[in-house]
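What follows is a short report on a single structure.
The values are calculated or read from the model by the stated rules, or taken from the named source; none is laboratory data. What you see is a predicted model; the values in this text were computed from it and never measured. Cβ: placed from backbone, ideal geometry, glycine included. Neighbour counts: every protein chain shown.
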Amino acid sequence: MEHPENSDAYKGLTVNKGIEQPSIVNPYLKLRKKPKRRQFSVGEYVEGIVKGDVTVLSQAVTLVESVKPEHQTIAQEVIEKCLPYSGNSVRIGISGVPGAGKSTSIDVFGLHVLEKKGGKLAVLAIDPSSERSKGSILGDKTRMEKLSVHPKSFIRPSPSAGSLGGVARKTRETIILCEAAGFDKIFVETVGVGQSETAVHSMVDFFLLIQLAGTGDELQGIKRGIMEMADGIIINKADGNNIEKAKLAAAHFRNALHLFPAPESGWTPQVLTYSGFYGIGIEEIWDMVFRYIDFVKANGYFEHRRNEQSKYWMYETINEHLRNSFYNNPDIASMLLEKEREVLEGRTTSFTAARKLLDTYFKHLPSWE
Ligand code: GDP
């Protein structure tokens, strides 16, 4: 029987066709997806940096750290254009073994310097351990509680890719960007384990070495070269019943420093004790640092050291590129292990093997990208 609803004469309740059921996948989701960040042009990067825009600065630093050639090309242009705005800062290297109190100290030092001198502070790091662990133990924002939320500070962890030389170069380039963005105080932190100090020393105006009072023979563990680089040695944790020990350690360091030849700067490195945790002796440390800066600016050494550093970085960059170009060359890569084996088995000498590899490289010299 026909359903009465189908008759035109039917006046009762009818069931509407209803609306189409929505798909289980939200079709608007695509639209809501975060748009891909637009890549700035070189001009936009430079403009943003010079205006002091920290977001643009961060993105530019990410480019500097990137291993992609297209990012490197832009980064190099941005650095070049920022160069005229850079250089107007005080750069301070801070080194110490893990546990020496670097994070605690930098937090306190940073606040002190900002309060006393005004301006803006960037904290960068060179951490060779990050190369292997892919995680940086330095420069982590959370380690510097107060500074990380300070409106005048910019904290950036260590770049992680590449050799120590590569990591250090990136940090040096980041210094240029930070200075162009108006950061007139730069801290470069590193772990006191050897080579990384040399890298930091080659980009700062003052090198501060944090030490701890130990068993009385604290000088043993420190490499002579590192002590020679220091413009100031500061003994941390001079608090509680550690005060006397810290004073004793300071005396040992002072004596040891006398044995070194007088530094080129004409400045006698100072040794001070302090407590980062309790904020004791901070003022004296920064009086010393700024006294040094005045001293070397007056005698011309400040300028001289910066020029020497620029020269050093030109050669470092050349060396790094040559090394990478050599070891990344496919012919070399395939020969290297074989040559190494020949040397180890006494079938050839180190020199002949090296010569053959170099000959191969220069014969198939890749064209410059
Ligand atoms: P870093 O590894 O060099 O960054 O060292 P940290 O700043 O993380 O400090 C290592 C440990 O030493 C932490 O437990 C700090 O609380 C402690 N510490 C840092 N500065 C002082 C200080 O001035 N006095 C004392 N007693 N302890 C400190």
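Please tell me if residue 123 is surrounded by 16 or more Cβ atoms within 10 Å (Cβ to Cβ), of a type in the set (A, V, I, L, M, F, W, C) and part of a helix (DSSP H, G or I). Before you say what the answer is, go through the steps one by one.
Details: surrounded by 16 or more Cβ atoms within 10 Å (Cβ to Cβ): yes; of a type in the set (A, V, I, L, M, F, W, C): yes; part of a helix (DSSP H, G or I): no.
Against the criterion (surrounded by 16 or more Cβ atoms within 10 Å (Cβ to Cβ), of a type in the set (A, V, I, L, M, F, W, C) and part of a helix (DSSP H, G or I)), residue 123 does not qualify.
Identify, please: which residue in segment 234-259 is within 22 Å of residue 206 (Cα to Cα) and among the basic types (Lys, Arg) and is, among those, farthest from the ligand (Cβ to nearest atom)?
Step one: list which residues in segment 234-259 are within 22 Å of residue 206 (Cα to Cα), which gives 234-237, 249-259.
In the following step, the residues that additionally are among the basic types (Lys, Arg) were identified as 237, 254.
On the way: 237: 4, 254: 20 Å.
Checked segment 234-259; the qualifying residue farthest from the ligand (Cβ to nearest atom) is 254.
Determine, yes or no, whether residue 327 is under 30 Å from residue 67 (Cβ atoms), among the hydroxyl-bearing types (Ser, Thr, Tyr) and not assigned by TED's automatic domain parsing to the domain that holds residue 73. Give the derivation first.
On the way: under 30 Å from residue 67 (Cβ atoms): yes; among the hydroxyl-bearing types (Ser, Thr, Tyr): yes; not assigned by TED's automatic domain parsing to the domain that holds residue 73: yes.
Yes: the conditions hold for residue 327.
Anything in segment 98-111 that is over 20 Å from residue 182 (Cβ atoms) and more than 17 Å from the chain's Cα centre (by Cα)? List them, or say none.
Hits for segment 98-111 are 99, 100, 101, 104, 105, 108.
For the structure I just gave you, tell me whether residue 341 is outside the structural domain of residue 229 (by TED's automatic domain parsing), charged (D, E, K, R) and touching a Gly at 6+ places or on another chain (Cβ under 8 Å).
no
List pairs: first in segment 259-276 and in the same structural domain as residue 294 (by TED's automatic domain parsing) and within 18 Å of residue 224 (Cβ to Cβ), second in a strand (DSSP E or B) and at pLDDT 90 or above, Cβ under 7 Å, 6+ apart or cross-chain?
Close Cβ pairs (under 7 Å, with a partner that is in a strand (DSSP E or B) and at pLDDT 90 or above) amount to 269/232; 269/233; 271/233.
Among the candidates 74, 106, 79, 94, single out the residue that is crowded, with 21+ Cβ neighbours inside 10 Å, away from the ligand (no atom under 16 Å from the Cβ) and modelled with pLDDT of 90 or more.
Among 74, 106, 79, 94, only 79 is crowded, with 21+ Cβ neighbours inside 10 Å, away from the ligand (no atom under 16 Å from the Cβ) and modelled with pLDDT of 90 or more.
Filter segment 129-164 for residues that are modelled with pLDDT of 55 or more, part of a loop (DSSP other than H, G, I, E, B) and more than 14 Å from the ligand (Cβ to nearest atom) and give the result.
Correct list: 150, 151, 152, 156, 159, 160, 161, 162, 163.
For a quick check of your reading: which helices (runs of 4 or more DSSP H) sit entirely within segment 214-321 and have at least 2 residues that are touching a Ser or Thr at 6+ places or on another chain (Cβ under 7 Å)? Break it down stepwise before answering.
Values: elements: 224-229, 243-258, 282-299.
Answer list for segment 214-321: 243-258.
When you scan segment 67-101, how many residues do you find that are farther than 28 Å from residue 307 by Cα and hydrophobic (A, V, I, L, M, F, W, C)?
Number satisfying all stated conditions: 2.
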